Each structure stands twice: as structure tokens, then as C-alpha cells.
């Protein structure tokens with residue numbers, strides 16, 4: 001089974017698409033709304049990268065999985081750091097960005113790990129003849 005076609009990828013995508021409605025309800029003013037939406041956007045972009053890297057590692061060795069995990073985290077770190085810098089540079093409150101990002105980040109990471117785990121259970125054992 002492909003990581004990108006797993007039910008967990010669909011759950012992550014549906015949750016990501018549902019977040020804007022929750023943001024509109026939760027955020028009263030324009031300042032929190034902009035920060036929440038930018039955090040939501042960066043979390044979605046980094047989630048796509050994470051699922052893509054894990055899809056490349058599916059069915060391969062544990063070393064490939066760890067490389068995908070490290071690169072996924074590194075991409076997230078760069079995206080969040082750059083956006084955080086821009087937020088501070090424009091003298092906006094970084095709190096709303098963090099709330100928007102981390103509210104989806106944890107769900108995305110759990111879905112990525114569950115999708116990868118599901119592919120590993122359906123893959124042939126290491127060393128099996130095909």
C-alpha cells in the first residue's frame with residue numbers, strides 16, 4: 001500500500017481542509033486570523049513534504065525511513081524558522097502563527113507515522129524471497 005493512498009493521508013488532508021473553518025470561528029480579529037492561516041498553510045506544506053518523503057521510504061530499509069524522518073523534520077524546521085522570522089520582521093505576534101502551525105502539525109505527524117506503519121505491516125518481511 002502506498003503511503004499517499006492510505007486512509008491516514010486522507011484523514012490528514014480532510015483535517016487540514018477543515019482547519020480554516022475552525023480558524024474563522026476561533027479568531028475574532030484580523031491579526032489572529034492572519035497568523036493562524038499562515039501557520040495552517042506552513043503546516044500543510046510541510047505535511048505534504050513529510051508524506052512525500054515517507055512515501056519514498058516505504059518498503060525500504062529502516063535507514064531510509066530514518067533519513068525520510070530527519071529530512072522531513074529539517075524541512076519543517078526551515079519553513080517554520082523562515083516564516084517565524086518574517087512574522088517577527090513585520091512586527092506581528094508569533095503566537096498565532098505557532099497556534100496555527102502546531103494545532104495541525106501534531107495531527108499530521110501522527111497520520112504520517114500511522115500511514116508508514118500500515119505500509120510496513122503489508123510489506124514482505126526483510127530478506128523474504130519475492
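Screening the candidates 128, 74 for the property of being surrounded by fewer than 16 Cβ atoms within 10 Å (Cβ to Cβ), over 25 Å from residue 7 (Cβ atoms) and at pLDDT 85 or above yields one hit, 74. Of all residues in the stretch 59-68, at least one satisfies being touching a residue at least 60 places away in the same chain (Cβ under 8 Å) and either assigned to a loop (DSSP other than H, G, I, E, B) or buried (at least 18 other Cβ atoms within 10 Å of the Cβ) (or both).
Identify, please: which residue in the stretch 85-125 is outside any helix (DSSP H, G or I) and modelled with pLDDT under 75 and is, among those, farthest from residue 9 (Cα to Cα)?
Step one: list which residues in the stretch 85-125 are outside any helix (DSSP H, G or I), which gives 90-93, 123-125.
Cutting the leftovers down to modelled with pLDDT under 75 gives us 123-125.
Working: 123: 18, 124: 22, 125: 24 Å.
Among those that are outside any helix (DSSP H, G or I) and modelled with pLDDT under 75, it is 125.
The rows are residues; the columns are (1) surrounded by 14 or more Cβ atoms within 10 Å (Cβ to Cβ); (2) modelled with pLDDT of 80 or more; (3) under 17 Å from residue 97 (Cβ atoms).
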| residue | (1), (2), (3) |
| --- | --- |
| 14 | no, yes, no |
| 21 | no, no, no |
| 25 | no, no, no |
| 37 | yes, yes, yes |
| 41 | yes, yes, yes |
| 46 | yes, yes, yes |
| 51 | yes, yes, no |
| 70 | no, yes, no |
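For residue 29, state whether it is surrounded by 15 or more Cβ atoms within 10 Å (Cβ to Cβ) and either modelled with pLDDT under 80 or closer than 30 Å to residue 119 by Cα (or both). When the stated conditions are applied, residue 29 does not pass them.
The values are calculated or read from the model by the stated rules, or taken from the named source; none is laboratory data. Please read all numbers here as calculations on a predicted model, not as lab measurements. All Cβ positions, even for glycine, are placed from backbone atoms using ideal geometry, and neighbour counts span all protein chains on display.
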